[in-house]
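The values are calculated or read from the model by the stated rules, or taken from the named source; none is laboratory data. Nothing here was measured: the structure is a model prediction, and the numbers come from that model. When we count neighbours, we look across all protein chains shown, and the Cβ atoms used for this are built from the backbone with ideal geometry, even at glycine.
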Amino acid sequence: MNTVREKTCVVCKSAFGCGNQSEEVRCWCNELPPIFSLDQITDCLCPKCLKLATIQKIEEYVATVTPENSLTNKAKDLPKTTHFIEDIDYYIEDGKYVFTKWFHLKRGECCGNGCRHCPYN
């Protein structure tokens with residue numbers, strides 16, 4: 001049975017809905033990259049706090065990636081998604097989308113376009 005439960009964020013104490021709405025509509029948290037292991041989180045976080053925690057984990061990981069180890073990075077092995085997440089995969093600068101180093105790492109290889117945040121060159 002699919003039900004959305006009312007939860008309280010363990011960080012900011014705000015209320016939010018948690019759970020799949022239906023077989024087709026999964027919980028909002030499935031939109032974020034699955035970078036946490038279950039033993040690191042004691043309970044659900046609200047959308048804002050989980051996104052912030054995800055960004056922090058990504059920044060910590062990206063800081064360890066060098067051109068020498070970029071082709072063997074773990075991000076390329078994550079499940080592929082069909083959407084991009086602002087502040088994680090891209091940011092907007094002067095009305096233009098700029099892909100992050102994380103986005104490029106998930107691709108798994110250089111596209112050859114001389115991207116600003118390319119981790120491969």
Practice prompt. Could you list, in sequence order, all residues of region 1-31 that are acidic (D, E) and either modelled with pLDDT of 85 or more or not in a loop (DSSP other than H, G, I, E, B) (or both)?
Written response: E6, E31
Worksheet item: If you take the residues of region 37-50 that are in a loop (DSSP other than H, G, I, E, B) and buried (at least 16 other Cβ atoms within 10 Å of the Cβ), which of them is modelled with the highest pLDDT?
Response: C46
Practice prompt. Go over the candidates P34, P79, P67 one by one and state the one that is in a loop (DSSP other than H, G, I, E, B), modelled with pLDDT of 85 or more, within 20 Å of L105 (Cα to Cα) and in contact with a Pro (Cβ under 9 Å, 6 or more places away or on another chain).
Written response: P67
